[in-house]
Amino acid sequence: MDKRVSLAKRAWLILLTVGPGIFCIGYTIGTGSVTSMATSGSKYGMQLLWVLALSCLFSWVLMEAYGRYAVVTGGTSIHSVKTKVRFGKPLSILMMVGVITGQWCCLSGLVGLSSHAIYEAVRLFIPALTPESYWAVLGIAVAILAVMYALLWIGRYSFFEQVLVVFVTLMGLAFIVSMFVVLPPPGEIAAGLIPRVPKVQGATLMIAAFVGTTMAAPTFVVRPLLMKGKGWTEGDLRHEQRDALISASFMFIISASIMVCATGALFHRGLTISKVLDMVHTLEPVAGKYAVGLFLVGTLSAGLSSIFPIAMVAPLLVADYRSGELQTRSSLFRVLAGVACLMGLIVPIFGSNPIYAQIATQVAQVFVLPLVIAVIAILVNRPTAMGRHRAGVLLNLGLLASFVFSCVMSYIALLEVIKLFRHGFA
């Protein structure tokens, strides 16, 4: 018994050593990611796994670049752009507004999906409840945000980190175990790594959503502030590098497991997702009620692990712009976090379909990526600031590839948005 307790304690300590990476997973894998991966798996099988792999690879490059700059110089992203880059003030404001707007829009979809997930979980064990209940879902949404805001009021980085470790661990275990219940043939999974675009309507929109949810701009922009909150300096460069690699690896493993679940449970049966947790109901005859409950735990943990850090985005970035310091107990932090929580009620109040709302907001987040990549490429190549830790050939090639990839994805997303706009007014 003592040995098992010791192993559990050791695992907990290892997770805490990659604290900033845990925040990155929280920002990246929420119910938005669950939605995109599950919808893709149900419609296209494993055919878009290569997009996920590329997105996680480039996310690793960007986390490493932002993290390296933070631990070597002690600088943060928004404040450094504002003070050290030409035309820095308008660029930093554009970055801040772009990230906050995208995340606040995303938050509303996350809350909608999470509240629906809880209601569906209750219905799973109490079938007498009605399939749809506007007031019950809205009440759950209000309760979720009230609890999140109460946790944010505490204002300690170490506490935030420990809460996220719990959510992310539950999410990862739930999705990975669920994957093995309906595992498709390994050859089919491997074939998904071959680049191709399914000749099906909506495939390019899904590709843009993948990039928006995996290469999430706040994951990188907030990272230096989290490094500062952790107290990491140049001597912790190896910790930073390990943190970035573990975070990107977990992103790929967890996101891929969701896609695999949808492929095994839905794609081969000709079923697709159009409502919240359609996959849960189709999983039930295959996996049983308790396995479905496990998937629901993963979905809910994904939502909570994202709501928490997303509500912190605006106050963190505004504080970064003003002083370059991590401030979690100020009045400004609490006011802006409260505004974010109110924004999270938009989708539940209007009763929008959170599946479509979530995919749309993930696509919108692609547009700020090229700017986020360009500014860090400038900062990590400054010899006066970075010294011997200045970006080398490999990191620069990775940043260049990331920039080109983000520009292509932004172009695709723009075409899809225009297409949706025209379709809406046709």
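In summary, Cys106 fulfils each of the numbered conditions (1) crowded, with 23+ Cβ neighbours inside 10 Å; (2) under 21 Å from Ala216 (Cβ atoms); (3) modelled with pLDDT of 85 or more with the single exception of condition (3). Residues in segment 44-66 include at least one that is within 27 Å of Leu271 (Cα to Cα), hydroxyl-bearing (Ser, Thr, Tyr) and either at pLDDT 85 or above or touching a Ser or Thr at 6+ places or on another chain (Cβ under 6 Å) (or both).
Would you be able to say whether some residue in segment 47-63 is in a loop (DSSP other than H, G, I, E, B), of a type in the set (S, T, N, Q) and within 12 Å of Leu379 (Cβ to Cβ)? No, there is no match, as no residue in segment 47-63 is in a loop (DSSP other than H, G, I, E, B), of a type in the set (S, T, N, Q) and within 12 Å of Leu379 (Cβ to Cβ). Only residues that are buried (at least 21 other Cβ atoms within 10 Å of the Cβ) and in a helix (DSSP H, G or I) were counted across segment 200-249, and they come to 27. When segment 105-130 is limited to residues that are aliphatic (A, V, I, L, M) and touching a residue at least 40 places away in the same chain (Cβ under 8 Å), the one that is nearest to Ala337 (Cα to Cα) turns out to be Leu107.
Among the residues of segment 96-115, just one is touching a Pro at 6+ places or on another chain (Cβ under 8 Å), under 18 Å from Tyr321 (Cα atoms) and β-branched (Val, Ile, Thr), namely Val99. Does Val181 meet the test of being at pLDDT below 75 and of a type outside the set (Phe, Trp, Tyr)? In short, no. Each residue in segment 123-150 was checked for being surrounded by 14 or more Cβ atoms within 10 Å (Cβ to Cβ) and assigned to a helix (DSSP H, G or I), and 13 pass. Just to be sure, is Ala191 of a type in the set (A, V, I, L, M) and over 24 Å from the mean Cα position of the chain (by Cα)? For Ala191, the condition - of a type in the set (A, V, I, L, M) and over 24 Å from the mean Cα position of the chain (by Cα) - is met.
Does Phe58 satisfy the criteria of being in contact (Cβ under 8 Å) with a residue 12 or more places away in the chain, surrounded by fewer than 17 Cβ atoms within 10 Å (Cβ to Cβ) and not basic (Lys, Arg)? Considered against the rule, which asks whether it is in contact (Cβ under 8 Å) with a residue 12 or more places away in the chain, surrounded by fewer than 17 Cβ atoms within 10 Å (Cβ to Cβ) and not basic (Lys, Arg), Phe58 comes out as no.
For segment 348-369, the tally of residues that are modelled with pLDDT under 75 and crowded, with 21+ Cβ neighbours inside 10 Å stands at 9.
The values are calculated or read from the model by the stated rules, or taken from the named source; none is laboratory data. Just so you know, these numbers come straight off a predicted model, no measurement behind them. Positions of Cβ are backbone-derived with ideal geometry, glycine not excepted, and every protein chain shown enters the neighbour counts.
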